[in-house]
Structure formats: structure tokens, C-alpha cells
Amino acid sequence: MGTTIWVIRKARPEEADELDHSLLFDTIDVLDRLADELGSRRLSTFFDWSAHAFDTSDEELPQAWASERESWHAPDPAIAAVLAILDRLKAGEVPGIDPDDRVGLIDELDDCVSKLAFARSEDDLIQLRVVV
């Protein structure tokens, strides 16, 4: 597996995301441009790169390094951003998104909405964690 995205909840950071969201990661530039066109927040604004930076660092960093740099977000803006993208993807092909990947990307984003909504129901914060 390459670089992917996990939906992580602040109250339960130990619960690893079971689904590989690699298409989300691989297409984020296209999705962010689409968000701009739709007047929505960019999905990348919810990305947390601290674990990725820790895992790929050439330096020996203390174990707490990544957790001290994490960014957390309320789930509602993330849900709105994902739903805006999903609506557009479900409406048809999107330039820059391989038609063969569109259904898989929709599945990944549907999974994100479900996990984000669960976090919202428990009044929790979230991050879209970039992991290797």
C-alpha cells in the first residue's frame, strides 16, 4: 500500500481506519480544484500530515512529536465538503478523474461521510490523517 488517508477521531485515536482511501489521496489536487469550483472547502484542509512526517523523517524524533503537531477539526465542515464533492462525482464524469476510478472514489468518500457523521454524533473532532 502507498500513501493513504485514514479518518481518525480525537476521542478514539487508537481505532485505525479499516478502509484504504488511496484514491482520495491520489486525486486530492483534482478534488481541491473541484471544491474551489463548487465554492466548498478543500478536502486537503482537513488533512493531518504529522504522522506522515514522523514516519518519513530521517531524524530520530521523540514518540510524542507527531501527537504534539496534530490538527483536529469539527466534523460538520468536513462532511459538507465531502458531500459537495460526492454530489458532483455522482452526477457524472469529472475532468482529471479516471472514469475507472470514479466508483471507487465515490465508495471511499461515502465511507468518509459515514465515519465523519459518527464522530459528529458523539461530538468528537476528526482529522483526515495522511499515512504511509
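The values are calculated or read from the model by the stated rules, or taken from the named source; none is laboratory data. Keep in mind the model is a prediction, meaning the values are calculated, not measured. Here Cβ is always computed from backbone atoms with ideal geometry, including for glycine, and neighbour counts include all displayed protein chains. Just so you know, the surface numbers come from the protein's heavy atoms only, side chains and all, with ligands and any DNA or RNA stripped out. Shrake-Rupley method; radii C 1.70, N 1.55, O 1.52, S 1.80 Å.
Of note:
- With contacts taken as Cα pairs under 8 Å and at least 6 residues apart, the range 71-132 reaches a relative contact order of 57 percent.
- Accessible surface, per residue, of the chain when the full set of protein chains is kept, probe 1.4 Å, Å²: 54
- Karplus-derived 3J(HN,Hα), 6.51/-1.76/1.60, for each residue of the range 114-126, Hz, glycine and proline x: 4, 5, 5, 5, 5, 4, 4, 5, 9, 6, 10, 9, 9
- Remark: spin-label model distance Ser71-Ser121 equals 2.8 nm, labels positioned 7 Å along the Cα→Cβ axis.
- With one equal scatterer per alpha carbon and no solvent term, the Debye-computed log10 I(q)/I(0) for the chain at 0.16, 0.17 1/Å reads -0.79, -0.88.
- Estimated Rh, the range 18-95: Kirkwood, alpha-carbon pairs, angstrom: 14.3
- Take every pair of alpha-carbon atoms less than 8 Å apart whose residues are at least six positions apart; their mean separation over the length of the chain yields a relative contact order of 43 percent.
- Ligands, DNA and RNA left out, the 1.4 Å accessible surface of the chain is 49% carbon and sulfur atoms.
- Ranking of His21, His73 by solvent-accessible surface, largest first: His73, His21 (1.4 Å probe, protein heavy atoms only, all chains present).
- Coupling constants for the range 24-40 follow from the phi torsions by the Karplus curve (6.51 cos²θ - 1.76 cosθ + 1.60, θ = phi - 60°), and in residue order they are 4, 5, 5, 10, 4, 5, 5, 5, 5, 5, 5, 4, 4, 4, 7, x, 10 Hz; glycine and proline get x.
- Per-residue SASA remark: Arg41, around 110 Å² accessible (1.4 Å probe; ligands, DNA and RNA not included).
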